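The block underneath contains the structure these notes are about, expressed in structure tokens.
The values are calculated or read from the model by the stated rules, or taken from the named source; none is laboratory data. Everything quoted here is computed from the prediction, not taken from an experiment. Virtual Cβ from ideal backbone geometry, glycine too; neighbours counted across all protein chains shown. To get the accessible areas, we keep the full protein, side chains included, count just its heavy atoms, and leave off ligands, DNA and RNA. Shrake-Rupley method; radii C 1.70, N 1.55, O 1.52, S 1.80 Å.
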Amino acid sequence: MTFRVNTPDLPSTVVAAEGWSPSSWTSKPVLQDVDYPDQAHLNRVLEKIGRLPPMVAPGEIHRLRQQLADVAQGKAFLLQGGDCAELFDYCSQSPIEAKLKVLLQMSLVLVWGARMPVVRIARMAGQYAKPRSKPTEMHEGQEILSYRGDNVNGYDPADRAPDPERLLGAYFHSAATMNYVRSILAEGFADLHHPSNWNLHHVKSSALRKEYQTIVDRLTDALDFMKTIGADPNAGGAKSASPLSSLSTVDIFTSHEGLLLEYEQALTRKMVDPVNPSQQKYYNVGTHFLWIGDRTRQLNGAHVEYFRGIENPIGVKCGPSMKPEELVALLNILNADKHIGKVTLITRYGADQVDKYLPGHIKAVQESGHVVVWACDPMHGNTKQSVSGVKTRHLIDITRELSQAIRIHKQYNSHLGGVHFELTGDRVTECVGGSMELLDAELLDRYETHCDPRLNYEQALDMAFLIAKYQEKQRGFTGVMSL
């Protein structure tokens, strides 16, 4: 194993946004902040995290930025997915492998449908914090603190006091998850996404099962043909002209919502720019990609101030409350130099509101000169209360929002560059519908989420097959998709 050491005494110029430092956010209003009862304890933990080694390298971050620039220009497709709220308990072999398997299989289907590379970003190895609409909730007649994610407090009502040690736990669980992901990918785990490992018995409709099986069979034939002629899928590296070059050696990037700014600041380091070694820049080395949530994107807020200074590619959740002029102002702050693909706009309106808000956002961005990645999150705007009494989402609503987003982008000479799903590789029962025809009455069979409902393994593949079918027929697409 070769180690590269950045020598600190080499001459270099520090490049940073004007007036920005990793702590400049502290001068701004902070929303979704956590009130720790022992500030001295918090400071000791943050100092410890600040001394711990990076989890990701600047070279990886730049590689993702290059790939997202391709997405923004229509040369690649983005698949981002994972848990709504990651638990420390998910840092285990089986949950990690299950999540990677579904992302890899989805990406293979998308590569086949689009005939272009797929950029894979997992909501993983750090998605431990969750914003909440209220700081407290009622439990058995008593008001208690809301569950804010495993890096803040416990899900058990008796364990709701914020504990700084959980931030340290977040670092080590993230690092262990990334270490295992890197290890199994290096050992050929990507081979597990070979179509022969797929089981389509969950598809209840015989016609739909036959359609899915046809896609799998065609994938198998393509892979067998490449093997027969001795094609080297790694030839040409990252710039290979063949979209199938991603089938045996893959990048899996990590991401989470940048919510707890004290933690993010502790993981923000001044490091040598791999593209221009004479410069040093600021990188968040706790993940590859961070996003700002819909609740923390205020123009004068602490989160926007923090995000504007880091080199990582960033996402912004865009909902119905985002005014077009506000969106442009936000882009001007976050990406003043208008780097292509630096910002991913993750739209989340709800199936009944896409037509009302997305066109204005597209036109505003086009007129601003920013070239962004447009990604559709068809999950967050479509949460409903089920008859069973738990939150759920219906696949028909998720499909409607996604299909309308595709149609509107095409109508306005834009293009949808990616999708953002809350999903798991496990066979949970949290969302209604799909090819397995999951019913409301079945939700409580395996309803395991600690926050929002996720697509299960089968439903996630449904969405991949659906998008691939659209991509294959893109030239004659009429704007309607259905399961």
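Across region 247-347, counting alpha-carbon atoms alone, Rg and Dmax equal 14.2, 45 Å. Summed over qualifying helices (DSSP H, 4 residues or more, each -39500 (n - 2.57)) and divided by its residue number, the chain shows a 222 nm mean residue ellipticity of -11500 deg cm²/dmol. Accessible surface computed residue by residue for the chain, with neighbouring protein chains in place and a 1.4 Å probe, gives 43 Å² per residue.
Per residue, the Cα convex hull of region 367-411 amounts to 85 Å³.
Going through the DSSP H helices of the chain, which span 20 Å or more along their own axis at the Cα atoms while scoring at least 0.5 as a mean Kyte-Doolittle hydropathy?
Both cut-offs are met by 93-114.
Considering region 1-138, its Cα convex hull presents a mean projected area of 14.5 nm². Divided by 2.2 N^0.38 Å, where N counts the residues, the Cα radius of gyration of region 140-192 comes to 1.68. Once the GluC sites (Glu not before Pro) in DSSP loops with at most 16 neighbouring Cβ atoms within 10 Å are cut out of the chain, the longest remaining piece is 188-436. Once the mean of 1/r is taken over each pair of separate Cα atoms and inverted, region 77-211 shows a Kirkwood hydrodynamic radius of 17.4 Å. List the pairs from LYS28/LYS134; LYS130/LYS342; LYS99/LYS356; LYS101/LYS270; LYS227/LYS342; LYS28/LYS99 whose alpha-carbon separation is above 27 Å, in the order I gave them. Those over the limit are LYS99/LYS356; LYS101/LYS270; LYS227/LYS342; LYS28/LYS99.
Normalised by 2.2 N^0.38 Å, where N counts its residues, the alpha-carbon radius of gyration of region 382-483 equals 1.14.
Classified by the C-alpha gyration tensor, region 52-100 has an oblate form. Its axis ratio a/c, with a ≥ b ≥ c, is 1.5 or above, and a/b does not exceed b/c. Rolling a 1.4 Å probe over the protein chains gives PHE253 an accessible area of about 0 Å². Dimensions of the chain from C-alpha coordinates, computed as largest minus smallest value along each principal axis and given longest first, are 62, 61, 47 Å. Protein-only accessible surface at a 1.4 angstrom probe places the residues SER23, SER403 in the order SER23, SER403, largest first. Over all directions, the projected convex hull of the C-alpha atoms in region 321-388 averages 5.1 nm² in area.
When DSSP beta bridges are restricted to pairs lying wholly in the chain, around 30% turn out antiparallel.
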